[in-house]
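First the structure, in the form of structure tokens, and then the observations on it.
Read the figures in this text as sums done on the coordinates, not as results from a lab. Just so it is clear, the model here is predicted, and its values are computed rather than measured. Every residue, glycine as well, gets a Cβ built from its backbone with ideal geometry; the counts of neighbours run over all protein chains shown.
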Amino acid sequence: TGAVRAGASGRLPPTALGKLLPAARERFGGQLVLVTGAASGIGKAIALAFAEAGARVVAVDRDAEGAAGTAELSLRIGAPEAWPETVDVSDGPAMEALAARTLDRYGVPDVVVNNAGIGLAGSFLDTTPEDWKQVLDVNLWGVIHGCRLYGRQLVERGEGGHIVNTASAAAFLPSRALPAYSTSKAAVLMLSECLRAELAPHGIGVSAICPGLVNTAITGSARHAGVSDKEQERRRAKSARLYRLRNYPPEKVARAVVKAVLRDTAVVPVTSEARGARLLSRLSPGA
Ligand code: NAD
């Protein structure tokens, strides 16, 4: 198989677990953890946090080079084994092939993190059907495919496990800026809660993670609907500045994910604005 050798050089990113490390080692040491969107940002930090806990890591992304980089870092940080896998999570047949391949090569993942996602900004009326399709294909269908395929593997194995889906604070915060993105994330939140109810009798946990602004590359790649290329660049740079200023590190989201699996938490609003948004949505739905 395509196992990566640990490279000798290069600086390691900051570790995530801190005081959680002993409990995380105890639970995840030697377990198999599969993370999508693992080449960059939050997914990379999640893969490395489980590596720190001694898990075997499958780093999945459409970016093959980035996935290989995360697999290599996983080995250096403490994973006994780590492998990259390349897939577009929105491609159903490719996801089926991935699930068959990972089962064959590595076994059933004890923890599956459906995290790959893309950003899309722009008003509702400026968002075209193609824009909607693209964001729903990746952010919603990517998670549906992962949950269906790996949920089935976990149920058939019959030894418990956990599925984590990356939603967002946007899932419970109506806004004029992100209608399609927020809709995709609200759907991820709801499907996670439905699946949680269905899998609980099998001893399988499901958690939805809801970060607010986290300092990652997503601001540089998110599209802004209905604006010129030049304006697109200006808006991307503006949001990248905002996220940098906010400076919330992906390692803190990774820590929240590990904690959510340890404690089997259903919905995890990670940042303070996400916690505020969750509270607000409960107090005044539709505000
Ligand atoms: P990122 O751009 O740094 O990472 C996203 C990763 O997903 C990339 O490696 C990318 O190659 C991969 N990816 C995108 N589309 C894919 C596809 N179709 N198939 C396979 N891989 C694909 O962004 P991030 O901020 O780390 O985002 C990770 C998740 O966190 C996303 O679901 C995002 O919506 C969510 N999120 C991010 C923030 C934030 O502020 N950064 C806040 C809330 C939720």
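A compact table of results
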quantity	calculated
Centre separation in Å (Cα based) which lies between the stretch 43-73 and the stretch 264-283	27
Area projected by the alpha carbon convex hull of the stretch 22-96, averaged over all directions, nm²	4.6
Sum of side-chain charges, ALA186 neighbourhood, beta-carbon under 15 Å (Lys, Arg +1; Asp, Glu -1)	+2
Estimated 222 nm signal from helices in the chain, with DSSP H stretches of n ≥ 4 weighted -39500 (n - 2.57), rounded to 500	-15500 deg cm²/dmol
Ratio of Rg to Rh over the stretch 203-284 (Cα coordinates, Kirkwood Rh, two decimals)	1.08
Local electrostatic count, LEU136, Cβ distance below 15 Å [Lys/Arg +1, Asp/Glu -1]	-2
Rg/Rg_globular for the stretch 53-92, with Rg_globular taken as 2.2 N^0.38 Å and Rg from C-alpha atoms	1.18
Distant alpha-carbon pairs in the stretch 84-157 (separation over 21 angstrom), percent	33
Relative contact order computed over the stretch 127-223 (Cα-Cα under 8 Å; 6+ residues apart), in percent	32
Size of charge dipole - the chain - debye, nearest 20, with Cβ of Lys, Arg +1 and Asp, Glu -1, no other charges	1100
Residue-count net charge about ASN114 - beta-carbon cut-off 13 Å; Lys, Arg +1, Asp, Glu -1	+1
Along each principal axis, Cα extent of the stretch 158-212, largest first, Å	43, 17, 12
The chain - Debye-derived log10 I(q)/I(0), Cα point model, q = 0.09, 0.12, 0.13, 0.17 Å⁻¹	-0.39, -0.71, -0.84, -1.46
Relative compactness, the stretch 1-134, computed as alpha-carbon Rg over 2.2 N^0.38 Å	1.13
